[in-house]
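None of the figures in this text is laboratory data; all of them are computed from the coordinates on show. Computed from a predicted model, the values in this text were never measured in an experiment. Note: ideal-geometry Cβ built from the backbone for every residue, glycine included; neighbour counts use all protein chains shown.
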Amino acid sequence: MSVSHRAERVARVVQHEVARLLHEEVRDPRIAGAVFTIHEVRISRDLCAADIYFSVLDSSSLDQVVRALEKAKGFVRSRLSSVLDLRRAPELRFHVDRTIEEGMRLDRIIEEANKPGGQ
């Protein structure tokens with residue numbers, strides 16, 4: 001099933017605006033002090049929910065960033081409503097994206113396996 005062009009456009013706007021809001025307007029020190037990236041936004045067909053996938057450079061701060069994002073969710077959603085041309089801003093659901101972390105782990109395993117005499 002393909003995602004509608006409108007949903008794709010909304011997802012791009014949400015990704016850009018959420019990243020901008022978190023870096024420029026949210027004043028929570030747990031977010032301001034963390035290095036994180038919004039990798040992807042998936043919008044539901046009815047445009048009522050946005051699944052936001054992010055990763056944090058320093059995994060030791062992950063729990064704090066997750067708590068801060070949950071706390072900032074209402075503020076970010078209200079700010080999004082002024083940017084999006086929708087009846088209601090989508091519900092925001094943040095998810096940790098572990099693909100980079102998992103890729104690095106697999107690289108280490110492959111590197112170890114390829115060492116001479118290594119297993």
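Near residue 39, the amide H atoms lying under 5 Å from its own belong to 53, 54, 55; only residues 5 or more places off or on other chains count, and H is placed 1.01 Å from N. Taking the inverse of the mean reciprocal distance over all distinct Cα pairs, the Kirkwood hydrodynamic radius of region 43-83 comes to 11.9 Å.
So how do 78, 61, 44 line up by other beta-carbon neighbours within 10 Å, fewest first?
Numbers: 78 10, 61 17, 44 14.
Taking fewest neighbouring Cβ atoms as first place, the list is 78, 44, 61.
Between residue 88 and residue 107, full extension at 0.36 nm per residue minus the direct alpha carbon distance yields a gain of 2.6 nm.
Net length available on complete extension from residue 96 to residue 32 is 21.3 nm, with 0.36 nm assigned per residue and the Cα-Cα distance removed. Angle of helix 5-24 to the longest C-alpha principal axis of the chain, folded into 0 to 90 degrees and rounded to 10: 80°.
Across region 61-111, Cα-Cα pairs more than 14 Å apart make up 66 percent of the total.
Listing 18, 96 from fewest to most neighbouring C-beta atoms within 10 Å gives 96, 18.
Residue by residue, region 97-103 carries 3J(HN,Hα) couplings of 9, 9, 5, 5, 4, 5, x Hz when phi is fed to the Karplus relation 6.51 cos²θ - 1.76 cosθ + 1.60 (θ = phi - 60°); x denotes Gly or Pro. In terms of Cα atoms, the Rg and Dmax of the chain work out to 17.4, 63 Å. Counting only alpha carbon atoms, the long axis of helix 62-83 and the longest principal axis of the chain meet at about 30°. Among the trypsin sites (Lys or Arg not before Pro) in region 72-119, those located in a DSSP loop and surrounded by at most 11 other Cβ atoms within 10 Å of their own Cβ are 87, 88.
Relative to the current alpha-carbon distance between residue 40 and residue 25, full extension at 0.36 nm per residue lengthens the span by 3.4 nm.
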